[in-house]
Structures are given as structure tokens and as C-alpha cells.
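The values are calculated or read from the model by the stated rules, or taken from the named source; none is laboratory data. Source: prediction; values computed, not measured. Note that each Cβ is placed from the backbone with ideal geometry, even for glycine, and that neighbours are counted across all protein chains shown. Just so you know, the surface numbers come from the protein's heavy atoms only, side chains and all, with ligands and any DNA or RNA stripped out. Shrake-Rupley method; radii C 1.70, N 1.55, O 1.52, S 1.80 Å.
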Amino acid sequence: MSRYGPYGGKRKRSKMPARLLAVLLAVAVTAIAAVQTVRASKAGGQIRDLQQQVDALTAENKALAGKVPAVQLTNDSFDYQSKYPEMVVKDVPAQAADDKSAVYLTFDDGPSKNTATVLDALKAANAHATFFVIGKNIAGHEALLKRMVDEGHTVAIHTYAHDYKAIYASVDAYLDDFQKTYQAVYDACGVYPTMFRFPGGSINGYNGGLYQQLIAEMTRRGFVYYDWSVSSEDAAGKKLTSEQVAANVVDGVSRSGHPVVLMHDSGDKASTAQAVASIVQQLTAKGYTCKALANDVRPITFGYKMPT
């Protein structure tokens with residue numbers, strides 16, 4: 001700041017008398033002390049109030065002692081957690097970053113007479129896929145499961161009976177069914193599956209009151225489940241040609257950021273099996289690579305609305 005006034009003259013420095021400064025300091029100190037005294041008084045009052053509340057609650061607790069029956073916690077409703085202790089996935093890998101060029105073709109409900117056609121098309125194109133097999137269909141088709149593993153595909157579980165009412169009757173019922181397929185797959189190809197798909201998807205009209213428990217229990221055991229983000233519509237009730245199946249898949253993949261494609265290789269899905277070669281060819285031309293799911297691939301899972 002300039003030492004000169006607005007008209008060029010020197011500013012005069014004001015000098016505060018020492019006595020006045022001392023008085024002001026004394027007043028300030030007194031005021032601060034008074035404020036602290038008031039605050040301390042209020043704090044002391046709050047502490048007394050809280051102590052009185054604690055004393056009252058303690059007295060009430062003593063009065064109720066012996067009158068309220070003890071609550072015994074039990075996990076009887078979770079007894080299924082002790083079933084099949086060997087049916088767990090150890091060393092579950094961390095989830096990998098999404099592969100933006102990958103398409104995951106998946107086939108439900110096999111193996112069947114159509115599965116070999118699917119495998120032939122995939123092998124010819126050096127493409128890979130995931131087969132969610134039904135346990136009761138494995139007998140007589142063990143060689144197909146062995147071929148799946150040998151050719152780099154993933155074998156996963158789609159239950160044993162595929163009977164919605166039976167498998168969704170309870171968590172116990174689901175585990176009983178799942179274990180049969182788990183062992184049947186191993187017996188056929190020497191691999192214990194680490195992934196599965198719920199019949200009807202993870203949330204459907206049969207497991208509405210159960211799916212949270214099912215998901216929690218299967219996740220606790222280390223298994224990863226996959227719903228789907230693209231459907232071939234080959235199980236929508238209308239018989240499709242192979243060209244229609246292929247068009248549904250290719251169009252759906254182009255609109256999905258993480259395409260996990262639902263198809264079927266059951267005995268009545270010959271048009272789907274015949275469409276695989278065209279599907280892979282078209283997807284490859286668009287820059288995609290058809291890969292098999294692994295349990296480090298981010299799963300597609302159906303969401304549900306929270307109650308309001």
C-alpha cells in the first residue's frame with residue numbers, strides 16, 4: 001500500500017493508546033471465558049441427561065430379566081448347505097475385462113442327434129461355444145461330451161431332469177438334481193462343470209419365491225450362472241427356418257454390448273444346428289470371434305424390480 005495520501009501528502013499513522021489496547025484485550029479474554037463456561041455447562045447438562053437415560057434402560061433391562069424367553073438362533077432352514085460338500089468350485093478366478101470382440105454362442109438342452117452337426121460347424125470355422133447339457137440326455141451321448149472338451153468347448157449344467165416343478169420345489173430339490181448332472185458330466189468327459197444355466201433363466205414363473213436362495217447357495221459354492229442377452233428365438237413356440245435363426249442371432253449380436261447367445265441343440269432343433277455355420281461365418285465377417293464361456297467371463301444375469 002502507498003505511504004502517500006490521495007493528494008500526494010504522506011499518510012499519518014494512527015497510534016492506539018496502550019491503555020485502550022489493554023482494555024480491549026481484557027474484554028476479549030473475559031468474553032471467551034464466559035462462552036466456554038456456558039458451553040461446559042450445557043455439555044454437563046447433556047451428559048447428565050444421557051446418564052439418566054442409560055440408568056433408566058439398565059433398570060428396565062434388569063426388571064425384564066428372566067421374564068423374556070431366550071431366543072435360540074438356528075440354521076435348520078439352511079441344512080442344504082451341508083449337502084454334497086464335494087460339489088464346490090475352488091479357486092474361483094477374478095472376473096476378466098470384457099472382450100469387446102467376443103460372441104458367446106450357447107446351446108441348451110442337449111446333447112442330442114443335432115449336437116454333432118453343431119460341433120462339425122464350429123470345428124470347420126475354428127469357433128468355440130458352450131453347451132448347457134441336460135443330465136438325462138447324456139447316456140448314449142458320452143462321446144459327444146468328450147468331443148466338446150477335446151475341441152475346446154465348455155460343458156456346463158442345465159439340470160438333470162429339466163422339470164421345472166420338480167427342480168424348483170425347494171433348494172434341496174435343486175441341489176439333488178444338480179448333483180446328478182454334475183457327476184454325470186464328469187463320468188462322461190472327466191471334467192467337473194463350474195458353470196450352469198437355470199432352466200427358464202434365473203428368474204422365471206416357477207422359482208419366484210426361491211430364486212434368491214438358489215442364487216445365494218450356488219454362488220456360495222463357487223458356481224457361476226449365465227442368463228443371456230441375445231436369443232435366437234428358436235424356442236419361442238414358432239418353428240423357424242435356419243435362415244431365420246441366423247438372422248435373429250446376427251441382428252441381436254449387433255445390438256448387444258456383451259453378447260451371450262441363447263440357442264438349443266435338442267433333438268427337435270435341426271434348423272438351429274443347420275444355422276450355426278452361417279451364424280459363425282456372418283459374425284466372423286463382422287469382426288467377432290466366437291468363444292466358449294469360462295467362469296472368469298462376466299455373467300449376464302436377469303434383473304428384478306425391488307418392491308416399492
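What are the equivalent ellipsoid semi-axes of segment 178-308, built from the alpha-carbon gyration tensor (square roots of five times its eigenvalues), in whole angstrom, biggest first?
Computed over segment 178-308, the values are 27, 19, 16 Å.
Given the Cα-Cα distance of Val149 and Phe302 and 0.36 nm per residue of separation, how much length would full extension add, in nm?
Here the segment from Val149 to Phe302 would lengthen by 52.3 nm.
Set the Förster radius R0 to 22 Å, insert the Cβ-Cβ distance between Gln281 and Asp99 as r into 1/(1 + (r/R0)^6), and round the FRET efficiency to 0.05.
0.65
Using a 10 Å cut-off on Cβ atoms, rank the peptides 282-288, 94-100 from the highest mean neighbour count down.
Per-residue mean Cβ counts within 10 Å order the peptides as 282-288, 94-100.
Quote the Stokes-Einstein diffusion coefficient, in whole µm² s⁻¹, for segment 133-181, based on the Kirkwood radius over alpha carbon pairs, a temperature of 10 °C and a viscosity of 1.306 mPa s.
Stokes-Einstein gives a translational diffusion coefficient of 138 µm²/s.
Please give the net charge around Leu240, taking every other residue with its beta carbon less than 14 angstrom from that of Leu240, where Lys and Arg add +1 and Asp and Glu add -1.
With Lys, Arg at +1 and Asp, Glu at -1, the neighbours total -2.
Which semi-axis lengths, in whole Å and largest first, follow from the square roots of five times the eigenvalues of the Cα gyration tensor of segment 73-218?
Its equivalent ellipsoid spans semi-axes of 28, 17, 15 Å.
Please state the Cα pair-distance histogram of segment 258-308 with 10 angstrom bins from zero: what percent is in each bin?
So the P(r) values, bin by bin, are 18, 37, 32, 10, 4.
If I take R0 = 25 Å and measure r between the Cβ atoms of Tyr192 and Lys238 in this structure, what FRET efficiency does the formula 1/(1 + (r/R0)^6) give, to the nearest 0.05?
The calculated FRET efficiency here is 0.10.
If you filter segment 219-263 for trypsin sites (Lys or Arg not before Pro), then keep DSSP loop positions with at most 10 other Cβ within 10 Å, what is left?
For trypsin sites (Lys or Arg not before Pro) across segment 219-263 that sit outside H, G, I, E and B with at most 10 neighbouring Cβ atoms in 10 Å, the list reads Lys238, Lys239, Arg255.
Hey, what's the Cα Rg ratio for segment 165-229 versus the globular rule of thumb, 2.2 N^0.38 Å?
1.11
Excluding ligands and nucleic acids, what accessible area in Å² is computed for Glu243 using a 1.4 Å probe, to the nearest 10?
Near enough 130 Å² of accessible area.
Order of 192-205, 102-115 by packing, highest average Cβ count within 10 Å first?
102-115, 192-205
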